[in-house]
Amino acid sequence: MKYEAVIGLEVHVQIKTHSKMFTRVAAGYGQPANTLTDPVVLALPGVLPVMNKAALDAIIKAGLLLGCDIAPVCKWDRKNYFYPDSPKNYQISQFDQPICLNGSVEIELPGAARNIQGEHKKIALTRIHLEEDVGKLNHEAFDSLVDYNRAGTPLMEIVSEPVIKSAEEAYAYLTSLRATMIYGGISDCDMEKGQLRCDANISIRPVGETKLGTKVELKNLNSISYVRDGIAHEIQRQLAVTQAGGTIVQETRDYDGQTGTSQSLRSKEMAHDYRYFPDPDLMPVKVDAAWKARIQGECPELPFVKQTRFQAEYALPYTLTSVLVWDRALAAYFEEAAKLAGPGKAQAVGNWIVNDLQRELGAAKLDLADSKVRPAHIAELVKLIDAGTLLSNAAKEVFIAMFASGEAPAAIVASKGLAAAPIDNAELEGWCREAIAANAKSVAEFKAGKESAINGLKGPIMKASKGKANPKLVDETLRRLLAEA
Amino acid sequence: MSTATMSSELFNKSIAELATLLEARTITSVELTQAVIGRTQAVEERIKAFNSFDTGDALAQAAASDVRRAAGQALGPLDGIPIGIKDVIAVTGQPLTASSKMLANFVSPYDATVTQKLKKAGAVIWGRLNLDEFAMGSSTENSAFHTTRNPYNLDCVPGGSSGGSAAALAAGEAIATLGSDTGGSIRQPAALCGVVGLKPTYGLVSRFGLIAFASSLDQIGPFTRTVEDAAITLQAIAGHDERDSTSFKVEIPDYRAALKTKKGPWRIGIPKEYFGEGLDPEVAAAVEKAISFYEKMGCEIKNVSLPHTEYGVGVYYIIATAECSSNLSRYDGVRYGHRSTDADNIVDLYFKSRAEGFGPEVKRRIILGTYVLSSGYYDAYYLRAQKVRTLIRQDFLNAYKEVDAIITPTTPTPAFKRGAKADPLAMYLCDVYTIGVNLAGLPGISVPCGFSSGGLPIGMQLIGQPFKEADLLAIANAYDSAHDWARRTPNL
């Protein structure tokens, strides 16, 4: 019997706000334990929550970017359960009326090759709701300590429909979702800092079956690769159990990315009754058309839309766009440079950015924002090359100097004497004739139709010119003389 | 048996009188505060209204008030007036116990908004007043520390849950006090102790810093010796607070000025549902006499009907317990409060800390509230109760199409003996006339209107329209300023 996997993902994304969800104390990461607290975070007797409007703005933006329906009212509920990481022993969340419903995440599946665009698909969302994050438990030898710095940080829960079919799709979903959140300035989505966390619900069923199989929840998937690997592992595990005649037990499993194994955490018999009810401390907040329109105005162009536009507007190949568009700052950098360089030079601009600039930034461990090479520099460099002023070896040297100093390319060319000397046509023609005369074999081969044989003639010419001959001009001259001969 | 008399002692005077004396420099705040402290030291052993007080702190505040006044920078009628605070309202650096073992050693690191506002008005914050544990009860017998006595009869309860606030004021141990009212916890003890008690409209006074019992019902309000004093105190504590999302943005009028400008005659509604079975004849007679006072001053007295009244107690004990079961979850022994020393693991810590820290009535309500919110019961209990609550509010709003205010007894009977209501249900019925006002979110005030043959105070309740405290206070003041019931003091 053939089986298929059915996967639904629950993704928690911390919203990047200055203060916490229901109080003014700062939200942040990496501070000394329990310093980002106040009476509200610690749930001291008598305190009350007040909603952080910036967090609501952010989730509305996330919803609009993902094509969700935005609820007309933001309503708050209490989810009651006892655990030491939750200071009130209830979490303020949204139960029956999430702020965002429906919508989808567009994904691209791997193409047939690296330079071929893959199939696009939309993964439907069930809902996105807003809640507050909990604190962190640190287990010591004889004690457990709680750090409430994270408690109360605004947190979105993004729930997909159970429509994801493979580990690769899950990977593509998270990649796209993360890029969307970063693009929108909603979150930095650093999984190491817990800013994006993912649980996967996985089941298998015979192909053709419409009912869902028994699901297993996979937790602690703390990188996007672990999500992919964990899901792949779980699908294999369920197939193995089923094929051995066993049945899948509904449970929560913990995936260990280091060892590539999983183990059962708990079975569903311990399911909680969260006793949800509307939080009487918080009034429902109306989200009207003007509010939505304001947020809509702040929504950026998303990567896939940008990619299509870059292909059309700048005639960029897929491989370049697939690097450029996933980083909003890099894409903006490219566009600025391409516009300054002028028509027909976008691909060269893209190549310099994706190959040279990215490589040097990586080696120097710098962000794009720290780069001394600005878009205008790239544009100027490309224009110098195009004009024949700068040859490729010299251009690489100029780039390295420019990366180190931030000086303009023309200035570097001047100070280092790197300009291609204006070659006297007669002199060039002389070198060409000498090369033709001295390489009868290459000439014969070329005339017999072997196009690459012309390169055998170029070497001696470049050597004679000490590398300063313009390759374009050398090629033209050689072809003219060969045609005459 | 004590009988009420009139007193000219400083500690028995009204805020209005004392403000005049302070302003004229006839007395200083330190003298006044010393008089209150002296009175407290003389009677507190019998009354037991306080959980704690800090005389040094109070005298320092009084001295600061005198310095302000000497510099011509007095802050208004409350400057230098000692005001006692129910021990569920946070005061920086002072204990905040909710009369519970759970918080017996808790000291608040912050001020409630009302505390800040009183400080800004120059009041001398004075003492932590006893209550039924976590404001759950009608007699202060549920306090984990001690039962407060009714100053008019030490064998009787002062009412509750703000029994300490009512008794302290009646006994001259403060000039005014703050309480909180979830189902009658200000008005009922005010009636039983012969003082004025005001529960403002839900949302008029910030709840920030008030230990929550039932968030959608709780409201802070003053106990005072006169309706005028209630107006003065309300002026200081009312108003929108950005730290409480349920506080309303409404304009705050000059309540004290309204007592003079609003003169009636008013249309007054009498709901038959509040004068039926279970009402003590002496209480009925006193309230009817008060109604006839209004009639004589030219008010139109109309019969009104609040047909869903009978569901009030049931609805209240679903909503209030549901909310309290969640609100009290934070008392778990993890971060502060009572922690069992006998726990092996986290679940054990929760069970034992809460079993040891909470008293029986608190546990009863947490269990009831947990039950009504449980999956499968939510619709039948909590959701239905919310719907009936809407009907109860609608009853009042319908009545207000015809009348300006409603008069009822505050309580079915005068103060009862300690231990007389061991059955929780009998105790719950003490609030039968006050609960509807909380469910409907309306302002209500209890004004003394007589004494029983046994010498115990009787109160009438005036119920107003949402955020129309100025009218309600003016109507109440018309009676209060023409009678001396509220000015009498117990013989201690």
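The values are calculated or read from the model by the stated rules, or taken from the named source; none is laboratory data. Note that the structure is a prediction, hence the values are computed from the model and not measured. Cβ atoms come from the backbone with ideal geometry, glycine included; neighbour counts cover every protein chain shown. SASA here: full protein model, heavy atoms, side chains in, ligands and nucleic acids out. Shrake-Rupley method; radii C 1.70, N 1.55, O 1.52, S 1.80 Å.
Things to note:
- Shielding by other protein chains, B:208-214, mean Cβ within 10 Å: 4
- Sorted largest first, the principal axis extents computed over the alpha-carbon atoms of region B:415-492 equal 39, 34, 18 Å.
- Placing dummy labels 7 Å off each Cα toward the beta-carbon, the span from A:Ala33 to B:Met297 is 6.4 nm.
- Any cysteine of the protein assembly as shown lacking a neighbouring Cys Cβ under 4.7 Å - listed by number: A:Cys74, A:Cys189, A:Cys198, A:Cys299, A:Cys432, B:Cys156, B:Cys193, B:Cys299, B:Cys324, B:Cys430, B:Cys449
- The 3J(HN,Hα) values that the Karplus relation (6.51, -1.76, 1.60; θ = phi - 60°) gives for region A:251-264 are, in residue order, 7, 10, 10, 9, 9, 9, x, 5, 9, x, 10, 9, 9, 5 Hz. Gly and Pro appear as x.
- For peptide B:328-337, the mean count of partner chain Cβ atoms within 10 Å of a residue's Cβ comes to 6.
- Percent RCO, i.e. relative contact order, over region B:196-311, from Cα pairs under 8 Å lying at least 6 residues apart: 23 percent
- Simple rule: put +1 on each Lys or Arg Cβ and -1 on each Asp or Glu Cβ in chain B, find the dipole, and look at B:Tyr255, B:Thr411, B:Gly93; the Cα lying farthest toward the positive end is B:Tyr255.
- The smallest convex shape that holds all Cα atoms of region B:345-492, its convex hull, gives 181 Å³ per residue.
- Local charge for A:Gly67 was computed over the other residues whose Cβ lies under 11 Å away, with Lys and Arg +1 and Asp and Glu -1, and equals -1.
- Over chain B: helical MRE at 222 nm, DSSP H runs n ≥ 4 each giving -39500 (n - 2.57), nearest 500: -11500 deg cm²/dmol
- When only the Cβ of Lys, Arg, Asp and Glu is charged (+1, +1, -1, -1), the dipole of region A:3-292 relative to its Cα centre reaches about 400 debye.
- Proximal charge balance of B:Leu473 [Cβ under 12 Å; K/R count +1, D/E count -1]: -2
- Peptide B:96-103 has a mean of 1 when you count, residue by residue, the C-beta atoms of other protein chains within 10 Å of its C-beta.
- Exposed-site-free run, longest, chain B (rule: trypsin sites (Lys or Arg not before Pro); DSSP loop; at most 12 other C-beta within 10 Å): B:26-248
- Accessible surface buried upon B-A contact (total; probe 1.4 Å; Å², nearest 100): 2800 Å²
- Within region A:425-484: Cβ-based charge dipole about Cα centre, in debye rounded to nearest 20 (Lys, Arg +1; Asp, Glu -1): 160 debye
- Projected-area average for chain A over all orientations - Cα convex hull basis, square nanometres: 32.7 nm²
- The loop-placed trypsin sites (Lys or Arg not before Pro) in region A:202-301, going by DSSP, that have at most 10 neighbouring Cβ atoms within 10 Å of their Cβ come out as A:Lys211.
- Think of a 1.4 Å ball rolled over the protein heavy atoms: region B:1-136 then has 37 Å² of accessible area per residue.
- Candidates A:Pro39, A:Ile116, A:Gln94 compared by Cα position along the dipole of region A:25-152: farthest toward the positive end lies A:Ile116, with charges placed on Cβ.
- Rg/Rh for region B:148-267, where both radii come from Cα atoms and Rh is the Kirkwood radius: 1.00
- Placing +1 on the Cβ of every Lys and Arg and -1 on the Cβ of every Asp and Glu, with no other charges, gives the protein assembly as shown a dipole of roughly 1040 debye about its Cα centre.
- Estimated FRET transfer efficiency when R0 is 22 angstrom, pair B:His146-B:Asn491 (beta carbons, to 0.05): 0.50
- Within the shell defined by Cβ-Cβ distances under 12 Å, the residues around A:Ser86 carry a net charge of +2, with Lys and Arg each +1 and Asp and Glu each -1.
- DSSP-assigned coil residues among GluC sites (Glu not before Pro) in region A:292-348, each with at most 15 further Cβ atoms within 10 Å: A:Glu298, A:Glu301
- When the other protein chains are added to the chain by itself, burial of at least 20 square angstrom of heavy-atom accessible area (probe 1.4 Å, ligands and nucleic acids ignored) affects these residues of region B:234-263: B:Glu242, B:Arg243, B:Ser245, B:Thr246.
- Estimated 222 nm signal from helices in chain A, with DSSP H stretches of n ≥ 4 weighted -39500 (n - 2.57), rounded to 500: -11500 deg cm²/dmol
- Amide H contacts of B:Met460: B:Thr410, B:Val447, B:Cys449, each under 5 Å away and 5 or more positions distant or on a separate chain (H built 1.01 Å from N in the peptide plane; Pro and chain starts excluded).
- Each of B:Phe351 and A:Glu407 was given a label point 7 Å from its Cα along the Cα-to-Cβ line. The distance between the two points is 7.8 nm.
- Region A:12-29 - phi-based ³J(HN,Hα) in whole Hz, Karplus 6.51/-1.76/1.60, Gly and Pro as x: 9, 10, 6, 8, 7, 10, 5, 10, 6, 5, 10, 7, 7, 5, 5, 9, x, 10
- Among A:Thr153, A:His377, A:Ala404 - extreme Cα towards positive end, dipole of chain A, charges at beta-carbon: A:His377
- Computing Rg and the Kirkwood Rh from the Cα coordinates of the protein assembly as shown gives a ratio, Rg/Rh, of 1.16.
- Heavy-atom accessible surface of chain A: percent carbon and sulfur, 1.4 Å: 53 percent
- Cut-off 15 Å (backbone N to label point 7 Å along Cα→Cβ of B:Ala64), residues of region B:102-136: B:110-112, B:115-127
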